[in-house]
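J.: Below: one structure in structure tokens.
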Protein chains: 2
Amino acid sequence: MVDVLALKKLALLGAIHAPVKLSTLDFAKHIQASPQTVSRRFQSLERKGLILRRHMPGGQMVSLTQKGVDLLKKEFSEYRQIFEFKAKPCRLKGRVITGLGEGQYYMSLDGYVKQFVKILGFRPFPGTLNIKLDEDGIIERRKLNGGIALHGFKSHQRTYGGGHVYPARLGRIKGAVVIPERTHYPADVLEFIAPINLREKLGLKDGDVVEVRI
Amino acid sequence: MVDVLALKKLALLGAIHAPVKLSTLDFAKHIQASPQTVSRRFQSLERKGLILRRHMPGGQMVSLTQKGVDLLKKEFSEYRQIFEFKAKPCRLKGRVITGLGEGQYYMSLDGYVKQFVKILGFRPFPGTLNIKLDEDGIIERRKLNGGIALHGFKSHQRTYGGGHVYPARLGRIKGAVVIPERTHYPADVLEFIAPINLREKLGLKDGDVVEVRI
DNA sequence: ATTACTAAAAGACGAGTAA
DNA sequence: TTTACTCGTCTTTTAGTAA
């Protein structure tokens, strides 16, 4: 939990570019802790594959692994999202359609559900609301960026693809748009997820016009 | 310690722009903790003046204070330092001179020393090595940026100014350049600090040519 | 529903110490 | 000098519960 703060400090000391020579006491002063804590923290970071260490007389050479760099990049991108995100409330309009029922299947997979809970803070209803976008919506959809990564995974000899999640609202319902990264996915359909059954709760049926705000 | 991570999450949820309605359970899912922990963390953030809260039926409105935003900005700038820092090893040459002895005085003030320890990871020797820069050095000095902020403070009815610190090396000695932000400070003198007495350790005397690498 | 208290469990910390 | 172990203490967490 607090490892990321130590990792950031290591990066600031240059361990992101090249191995840096540090003793536990050196680094202890930087993070204002005891050498014992540093020893433990180095072990923890190493166990998690975030740093590499090589012991030397008088200290150790410490460098970040790719995984460590990636973790910091993720943090960095979150801060960019906070400070560089221009308030451009994107609105996508379209009509409710019936999908192939895939959504229901995917939304029941634990590999996805866990990520949704982490990203969105709610457990999505097992099913997606499919929205056929109007012309403007198709254009807007393509412009979407800054979404939160949804990672693919393997299970039972099958591979499940990743994508991006955009917290959004449909009316006053908080939910999210899911954009799979499958290359040949139709660009005119939007999949919206929410903690509840939207069709039931909002009394939606095919052909109804809805607006999603991202 | 871990409050900053919760604060970041709150900012991502929009609390940096406007109050966001959250229950402890909602936020617990976001940070993967229990509602009890959220309750405590909200209290902690509030006590530290990082957030404002207003209780509502079904949750509470949470927003960041200016202090909270500032803390995140500081984090953000550290990440920028990691990822956007161009490797441009700056070299400044000059001759050792004797200062007015101010350095020794300032370097003995606890208000500065604590910051140096935190920033640099060592307790500086109480005294600065003053270096009169050559022409190129003066130009290079002006270009310096991305230093780590050294905050001013008040003590005994006096105000002590802030500045910037640039980790640097003199030969193989790790130390730092300190640039006070006093407006009329001579632009041709560099103050170098280190954990040791440089004059003694390196046998330096006035007029000796040295090179500082930032 | 909430929030937040208490109490018990879990985890992190630094002092002491061995290698 | 190092690193990293054990161990006692302090801190943080969650479960249970009251308001």
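The values are calculated or read from the model by the stated rules, or taken from the named source; none is laboratory data. A quick note: this is a predicted structure, and the numbers were derived from the prediction, not measured. Cβ: placed from backbone, ideal geometry, glycine included. Neighbour counts: every protein chain shown.
J.: Out of segment B:114-127, which residues are aliphatic (A, V, I, L, M) and either farther than 17 Å from B:Ala168 by Cα or in contact with a strand residue (DSSP E or B) (Cβ under 6 Å, 6 or more places away or on another chain) (or both)? Explain how you work it out, then say what you get.
T.: Going residue by residue through segment B:114-127, those that are aliphatic (A, V, I, L, M) are B:117, B:119-120.
B:Ile119, B:Leu120 - these are the residues of segment B:114-127 that are aliphatic (A, V, I, L, M) and either farther than 17 Å from B:Ala168 by Cα or in contact with a strand residue (DSSP E or B) (Cβ under 6 Å, 6 or more places away or on another chain) (or both).
J.: Within the set of pairs 6+ apart or on separate chains, which have a first residue in segment B:164-175 that is in contact (Cβ under 8 Å) with a residue 40 or more places away in the chain and farther than 14 Å from B:Val210 by Cα, a second that is surrounded by 15 or more Cβ atoms within 10 Å (Cβ to Cβ) and β-branched (Val, Ile, Thr), and C-beta atoms under 6 Å apart?
T.: Matching pairs, first to second residue: B:Val165/B:Ile119; B:Val165/B:Ile148; B:Val165/B:Val178; B:Tyr166/B:Val177; B:Tyr166/B:Ile214.
J.: Out of all the residues in segment B:3-60, which are among the hydrophobic types (A, V, I, L, M, F, W, C), within 14 Å of another protein chain (Cβ to nearest Cβ), within 12 Å of DNA strand D (Cβ to nearest atom) and surrounded by 15 or more Cβ atoms within 10 Å (Cβ to Cβ)?
T.: B:Leu5, B:Ala6, B:Phe27, B:Ala28, B:Ile31, B:Ala33, B:Val38 - these are the residues of segment B:3-60 that are among the hydrophobic types (A, V, I, L, M, F, W, C), within 14 Å of another protein chain (Cβ to nearest Cβ), within 12 Å of DNA strand D (Cβ to nearest atom) and surrounded by 15 or more Cβ atoms within 10 Å (Cβ to Cβ).
J.: Could you please let me know if B:Gly68 is within 16 Å of DNA strand C (Cβ to nearest atom) and within 13 Å of chain A (Cβ to nearest Cβ)? Please lay out each step first, then the result.
T.: Working: within 16 Å of DNA strand C (Cβ to nearest atom): no; within 13 Å of chain A (Cβ to nearest Cβ): yes.
No, not satisfied.
J.: On the basis of being within 16 Å of DNA strand D (Cβ to nearest atom), exposed (fewer than 15 other Cβ atoms within 10 Å of the Cβ) and away from chain A (no Cβ under 14 Å), does B:Arg123 make the cut? Walk me through it before giving the result.
T.: Details: within 16 Å of DNA strand D (Cβ to nearest atom): yes; exposed (fewer than 15 other Cβ atoms within 10 Å of the Cβ): yes; away from chain A (no Cβ under 14 Å): no.
So B:Arg123 does not fit the description; no.
J.: With the requirement that a residue be in contact with a Gly (Cβ under 7 Å, 6 or more places away or on another chain) and part of a strand (DSSP E or B), what does segment A:151-168 give you? Working first, answer last.
T.: Taking segment A:151-168 and keeping what is in contact with a Gly (Cβ under 7 Å, 6 or more places away or on another chain), we get A:151-153, A:155, A:159-162, A:164-166, A:168.
Scanning segment A:151-168 gives A:Phe153, A:Ser155, A:Thr159, A:Tyr160, A:His164, A:Val165, A:Tyr166, A:Ala168.
J.: Only one of (1) free of Cβ contacts under 8 Å to residues at least 40 places away in the same chain; (2) within 11 Å of chain B (Cβ to nearest Cβ); (3) closer than 24 Å to B:Lys118 by Cβ; (4) not aromatic (Phe, Trp, Tyr) is not met by A:Lys73, so which one is it?
T.: Tallying (1) free of Cβ contacts under 8 Å to residues at least 40 places away in the same chain; (2) within 11 Å of chain B (Cβ to nearest Cβ); (3) closer than 24 Å to B:Lys118 by Cβ; (4) not aromatic (Phe, Trp, Tyr), A:Lys73 fails exactly one: (3).
J.: From the list B:Pro19, B:Pro35, which one is near DNA strand C (Cβ under 7 Å from one of its atoms) and not aromatic (Phe, Trp, Tyr)?
T.: On the way: B:Pro19 fails: near DNA strand C (Cβ under 7 Å from one of its atoms).
Of the residues listed, the single one that is near DNA strand C (Cβ under 7 Å from one of its atoms) and not aromatic (Phe, Trp, Tyr) is B:Pro35.
J.: Oh, and also: Given the conditions (1) closer than 24 Å to A:Ile119 by Cβ; (2) at the interface with another protein chain (Cβ under 9 Å from one of its Cβ atoms), which single one is not true for B:Gln81?
T.: (1)
J.: Note down all Cβ pairs under 8 Å where the first residue falls in segment A:38-55 and is under 15 Å from A:Val20 (Cβ atoms) and in contact (Cβ under 8 Å) with a residue 40 or more places away in the chain, the second is within 15 Å of DNA strand C (Cβ to nearest atom) and in a helix (DSSP H, G or I), and they're at least six residues apart or on different chains.
T.: A:Leu45/A:Asp3; A:Leu45/A:Ala6; A:Leu45/A:Leu7; A:Leu50/A:Asp3; A:Leu50/A:Leu7; A:Ile51/A:Leu7; A:Ile51/A:Phe42; A:Ile51/A:Leu45
J.: Residue check, A:Asp188 against (1) of a type in the set (D, E, K, R); (2) within 19 Å of A:Gln81 (Cα to Cα); (3) at pLDDT 85 or above, all met but one. Which one?
T.: Of everything listed in (1) of a type in the set (D, E, K, R); (2) within 19 Å of A:Gln81 (Cα to Cα); (3) at pLDDT 85 or above, A:Asp188 misses just condition (2).
J.: Now, a different point. Would you confirm, using the coordinates I've provided, whether B:Val113 is over 26 Å from B:Lys205 (Cα atoms), within 14 Å of chain A (Cβ to nearest Cβ) and of a type in the set (Val, Ile, Thr)? Can you show your working first?
T.: Numbers: over 26 Å from B:Lys205 (Cα atoms): no; within 14 Å of chain A (Cβ to nearest Cβ): yes; of a type in the set (Val, Ile, Thr): yes.
No: the conditions fail for B:Val113.
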